[in-house]
Amino acid sequence: MINLNVRSGYDFLSSAIRLDDLVEKVSRDNQAAVAITDRNRLHGVYPFIKLARKHNMVPIVGMEVAVSYGETTNTIITYAKNETGFRALIRISAYFTFKQTETIPAETLATMMDECLIVFLREESLTLKSVLNIPSDDMYQSHLMNEPDLTQLFIKPSYYLNAKDESVLTVVEAIRDNTRVDAHDLVHTEGDHYVRLMSDLTEQERSLLNNHRELVEKCRVNLPRVERTLPSFKHNTNLSAKDYLWQLLTTALPDKTPATKEYHERLKYEYDVICNMSYESYFLIVHDAVSFAKRSGILVGPGRGSSSASLVAYLLNITEVDPLKYDLVFERFLNPERVTMPDIDIDFDDVRRNEVIYYLIDTYGDMHVAHIANISRLSLRAATRAIGRVLDFSTEELNYISSILRSANDSPDVFNSKAFQDLRDVDEKYIVLEQLVQKIINLPNHTVTHASGVLISDAPINKSIPVTFEYDGQRRFLMSQWPMEQVEAVGLLKIDILIIKTLTHIKYMIQNIKRVNPSFQLSDIDIESHDPRIFNLFSSGLTTGIFQFESQGIREALRRVKPSNFNELVAMVSLYRPGPMESIPTFIEGKRNPENIKYLHPDLEHILKSTYGVIIYQEQIMQIVVSFGGFTYGEADILRRAMSKKDHDALSSMRSKFIAGALNKGYDQSVAEEIYNYIQKFESYGFVKSHAVAYSKISYWMAYIKLYYRHIFFQTMLMDNRSDATKLNDLIKEMDVYKIKVEPPCINESQVFNTTNENIRLGLAFIKGINVELAKRIVAERNENGAFKDLFELNSRIDDKSLNKNAIQALIKSGALDSFGYSRKQLLQMVSGVSVADENYAHQSVLSEMGFHFKAEHIEEMPVLDKLNFEKEVLGFFISDHPIIEERKALEFARPARLTDKEKVGDYLVYLTDIRKIKTKRSQDMAFLTVSDGQIEMDAVIFPSTYGDVFHLIKEQTVVANGAIKKRDGKDQLVINNLMTIDEYTDFKIKNTKLIYIRNINQYNVINQLDSMGIPVIDFEQKTPLGYVKREHIPILLEAISPVDIRLTE
């Protein structure tokens, strides 16, 4: 036992020691014990104890603390002798965040030191001896001290693993402090604060090791373990929790279900399982929390995960999915043959989720409810960028290295790649970067609050695990120092209180719907009605904004599948994932031709018929195992888990059991083996049906609102996606389909948020640079004192610092101030002070002091492209017509592609912007640029093989780009093969025309221009020949006929 003062990586960027490296090093040296002594925190204790036990070592749990006494502060080390001592360290650790301090008064510390040891590190700290109330033989001193009545220990602090790793600590601390280090200064450095081996010690230091053994003998801390106890659920009856739960369930059963024998039997079975596992209080607590949310107007999701398979959860209104109606398996949620904690996940709207947590805290006590910590670690990419910043790499260098990492899928093998080897050959700093990254990958760097997990306990949580006190801006709360898997292993129970932004969208939509239909309730949406219009919406793929059905890929899949009932929506949610989507063609074929479905055995039909012969759900696998192998559902769930974890020993045993069971039920050996192999193939793809059903309900709600309250749907989705240009473009594209126009924001018409009439008027808060509070202030002032007349009046009436120069410029750029009668260019000049102030408008006010000047004469508007770019800057899209729109109308005869068409190869009418010409490593020219078709923008690239032919056209202008849209880093990119001017494109189309269609022929006097030979001309409506036209005369036809009524086809 040598290392008694190791600061681990859980000291968050104050140490470069990873626990597995630490334990492996000292274990190889045959050291019997090791201590970690992180400052003020115990984040690393759980994995430390597990690792040490795995290596047959004694883990010494300690903590370094700063103790104030009088005018001085001294650092000491405390160790826990046993579980009582560990709980003392928990209390000490919690003190620092409770008081928001880095030091603890000696008098306070003295009250917490039960079963702890102390090491004094310097002479000045000996003044604490008389204050700290512990036995003298539990006090030790550093080897650098000479107090006669205290035992000496070799107590050298360790911050890095090996002597040569001093540079690693330097960089880690620089990451923490956001400072810079010269890479070349880190090449050859060694330090003294490393983890010692026996061979590193002097004879004098070795002479102290017997004292170390004495300390080790005193310290035996095991992993904490608590009973799975929950607070007693409080209710207004004298019934026990079990009886009260049964009363609630039997009362709800006839109200919520047909209450047939099947329902009664299922309820009794679930109830018995829950009570036998002692989880009745858990269900009552969750039921109470959900009931509070619903009473309070907080929108709650219909279910999530496997808990939707529980009839008890449905009857308690925890979920809104009837499990018998959808053939859901309870054991997928709670298995009586594999005792585990229940896992009920509940979704709330993201605005009011915290109110549910506050309710739990207020109900059960602030020391009995805690958030769970997540410990963030430095991934390969994060470590590389962090070190790169410390070493002062340029942004271009960091981006290039990130691209190398992406190309290698963030594998550490990237450093062996040719691309990185080339960098190493250029500069030694890349060698330093690689060495440092390898040393800090996976190092803990900070904690964050777990997205959903909330602990709830009968005893104060700090009696079991280390905690901190945190503040969320409204109130203080408890948070575990350990992450979810560790607190669950200790035995604490959690409730997952999650958020789905979609629920917030629905909540806002309902609020607006009630303004036009006050009686509307979400429960009015009847999924069982099989509304054909809703399924037509899904089948059309017009599902932008609909939960789970937004991506381009799933929209295309919907058009192919054409779901016609709710179960098919559930199947689509489950199928559209990597792996399962390979079965979509089989699913479609089975739906269209059910008579052609082939089953491995006829007895599979009743299980797979609803999914057209395809295994989609985990529940189906469990049903097959029960039906063929004679398993119980509990055993089937154990097999499912073994398959998902690829537990080969368990799978081998289960395979034998399945085949034996199948033989016992009269199936042939070959059939049994074939079916087992069949389900094993699909298990890794199987989706949880209970989850898919619950989430598909949310999707159906959204589709219903989109169909029957379309304007309200779009006004909400536009508002919430205002920072996402891609989603905005998709939404606006669909609004065009529905003929819904977007009206620009207006200072005298807009409300805070988007509003609807025949169209959608953008709200003031939609504008980037205008926050909600400022928008509310503007609207309130307008409502109280009337419309704003000009820029000066707006500024003088709004007494708000956030209405600054940038905010007013944003209003101007968006078009919100167009009603003042000035051009946007003139308004911007007034703000910037470019124009000379007119005496009639100059004013000794805040506005004038800010540089606001006014000039009455008219100034021409800015160029249309500048105007559009300003709109896109503050709104995220063009609200005025892009000039390319008119050019597209003129080219309707040729129908150039739109960027939304995403053709394999097509001719796209686009405007080129943001052109970045570069040279490749071979000094070849190429270009990255942005293209717009007037609706959406997209990245584009011109490779060297094309660049030389089209470089003269690469400038800001409208062109026709021949190319294909491909994916790059998950985003669409147009790969350009050729560029043409509009005239060149027109000539190209004429040259390649093989057939001409004319619509509304009676409106045009062109028959006399047709010949008896040439390109055939067809009446579009009648599909009859009209005559022919010579190729050189096609331009005459184009002049005579509106572009929308003529088509040139190849």
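The values are calculated or read from the model by the stated rules, or taken from the named source; none is laboratory data. All values derive from a computational prediction rather than experimental measurement. All Cβ positions, glycine included, derive from the backbone under ideal geometry; neighbour counts span all protein chains shown.
So for segment 349-359 (the condition being farther than 28 Å from K234 by Cα, aromatic (F, W, Y) and out of contact with any Ser or Thr (no Cβ under 6 Å at 6 or more places or on another chain)), does at least one residue qualify? The answer is no; no qualifying residue exists.
When every residue of segment 243-266 is checked against the conditions, none turns out to be touching a residue at least 60 places away in the same chain (Cβ under 8 Å), of a type in the set (F, W, Y) and under 30 Å from A459 (Cβ atoms).
When segment 1005-1021 is filtered for residues that are of a type outside the set (D, E, K, R) and modelled with pLDDT under 90, the ones remaining, listed by number, are N1005, V1006, I1007, N1008, Q1009, L1010, S1012. With respect to E873, determine if the residue is in a helix (DSSP H, G or I) and either among the aliphatic types (A, V, I, L, M) or at pLDDT 80 or above (or both). The answer is yes for E873. Would it be correct to say that A672 is of a type in the set (G, A, S) and buried (at least 18 other Cβ atoms within 10 Å of the Cβ)? Criteria met by A672. Reported count of residues in segment 948-961, each being surrounded by 16 or more Cβ atoms within 10 Å (Cβ to Cβ) and more than 36 Å from the chain's Cα centre (by Cα), is 6. Looking at segment 626-655 only, could you name the residues that are in contact (Cβ under 8 Å) with a residue 12 or more places away in the chain, in a helix (DSSP H, G or I) and over 17 Å from E674 (Cβ atoms)? Correct list: Y633, G634, E635, A636, D637, I638, R640, R641, A642, S644, A650.
N40 meets all of the listed conditions (1) in contact (Cβ under 8 Å) with a residue 60 or more places away in the chain; (2) over 20 Å from S125 (Cα atoms) but one, namely (2).
Reported count of residues in segment 340-361, each being touching a strand residue (DSSP E or B) at 6+ places or on another chain (Cβ under 9 Å), part of a helix (DSSP H, G or I) and closer than 19 Å to N317 by Cα, is 5.
For segment 169-204, the tally of residues that are in contact with a helix residue (DSSP H, G or I) (Cβ under 6 Å, 6 or more places away or on another chain), surrounded by 15 or more Cβ atoms within 10 Å (Cβ to Cβ) and either at pLDDT below 95 or over 22 Å from V34 (Cβ atoms) (or both) stands at 7.
Results for (1) within 22 Å of V570 (Cβ to Cβ); (2) more than 32 Å from the chain's Cα centre (by Cα); (3) not assigned by TED's automatic domain parsing to the domain that holds L311, shown as yes or no for each residue.
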residue	(1), (2), (3)
K646	no, no, yes
G661	no, yes, yes
S696	yes, no, yes
D720	no, no, yes
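A single member of L558, L608, L604 is in a helix (DSSP H, G or I), closer than 30 Å to A725 by Cβ and hydrophobic (A, V, I, L, M, F, W, C), and it is L558. The residue that is surrounded by the fewest Cβ atoms within 10 Å (Cβ to Cβ), among those in segment 552-571 that are among the aliphatic types (A, V, I, L, M) and free of Cβ contacts under 8 Å to residues at least 24 places away in the same chain, is I554.
Which of the residues belonging to segment 998-1014 are assigned to a loop (DSSP other than H, G, I, E, B), aliphatic (A, V, I, L, M) and surrounded by 15 or more Cβ atoms within 10 Å (Cβ to Cβ)?
V1006, L1010
For first residues located in segment 340-353 and in the same structural domain as G305 (by TED's automatic domain parsing), partners that are among the aromatic types (F, W, Y) and lie 6+ apart or on another chain with Cβ distances below 7 Å form the pairs P342/Y279; P342/Y282.
Filtered by the rule that a residue be buried (at least 21 other Cβ atoms within 10 Å of the Cβ) and over 22 Å from M735 (Cβ atoms), segment 932-943 gives A940, I942.
Screening I534, I510 for residues that are of a type in the set (A, V, I, L, M), within 13 Å of K706 (Cβ to Cβ) and buried (at least 17 other Cβ atoms within 10 Å of the Cβ) leaves exactly one candidate, I534.
The residues listed here are G473, G453, G491; of these, the one that is free of Cβ contacts under 8 Å to residues at least 60 places away in the same chain and either of a type outside the set (S, T, Y) or on the phi > 0 side of the Ramachandran plot (or both) is G473. Would a scan of segment 76-89 turn up a residue that is of a type in the set (K, R), within 26 Å of L436 (Cα to Cα) and touching a residue at least 24 places away in the same chain (Cβ under 8 Å)? Checked against the condition, which is being of a type in the set (K, R), within 26 Å of L436 (Cα to Cα) and touching a residue at least 24 places away in the same chain (Cβ under 8 Å), segment 76-89 yields no hits at all. Among the residues making up segment 362-388, those that are part of a helix (DSSP H, G or I) and surrounded by 15 or more Cβ atoms within 10 Å (Cβ to Cβ) are T363, Y364, L380, R381, A382, A383, T384, R385, A386, I387, G388. In this structure, L974 does satisfy being under 30 Å from A927 (Cβ atoms), touching a strand residue (DSSP E or B) at 6+ places or on another chain (Cβ under 6 Å) and either surrounded by fewer than 14 Cβ atoms within 10 Å (Cβ to Cβ) or of a type in the set (A, V, I, L, M) (or both).
Matching residues to (1) in contact with an Asp or Glu (Cβ under 9 Å, 6 or more places away or on another chain); (2) not in a loop (DSSP other than H, G, I, E, B):
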site: Q152; (1), (2): no, yes
site: K156; (1), (2): yes, no
site: H188; (1), (2): no, no
site: N210; (1), (2): no, yes
site: R213; (1), (2): no, yes
site: P224; (1), (2): yes, no
site: K234; (1), (2): yes, no
site: T237; (1), (2): yes, no
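Checked against (1) closer than 22 Å to D939 by Cα; (2) modelled with pLDDT of 85 or more; (3) surrounded by fewer than 15 Cβ atoms within 10 Å (Cβ to Cβ), D901 passes all but condition (2).
Residues in segment 810-819 that are touching a helix residue (DSSP H, G or I) at 6+ places or on another chain (Cβ under 6 Å) and either in a helix (DSSP H, G or I) or not assigned by TED's automatic domain parsing to the domain that holds L868 (or both): A810, I812, K813, S814.
From the list L731, L718, the lone residue that is assigned to a helix (DSSP H, G or I), at pLDDT 90 or above, aliphatic (A, V, I, L, M) and out of contact with any strand residue (DSSP E or B) (no Cβ under 7 Å at 6 or more places or on another chain) is L731.
Screening R332, R295, R266 for residues that are buried (at least 22 other Cβ atoms within 10 Å of the Cβ) and of a type in the set (D, E, K, R) leaves exactly one candidate, R332. Out of curiosity, is E123 among the acidic types (D, E) and at pLDDT 95 or above? In short, no. Flag not set for Y508, criterion: farther than 30 Å from V221 by Cβ, in contact with a strand residue (DSSP E or B) (Cβ under 8 Å, 6 or more places away or on another chain) and not assigned by TED's automatic domain parsing to the domain that holds F98.
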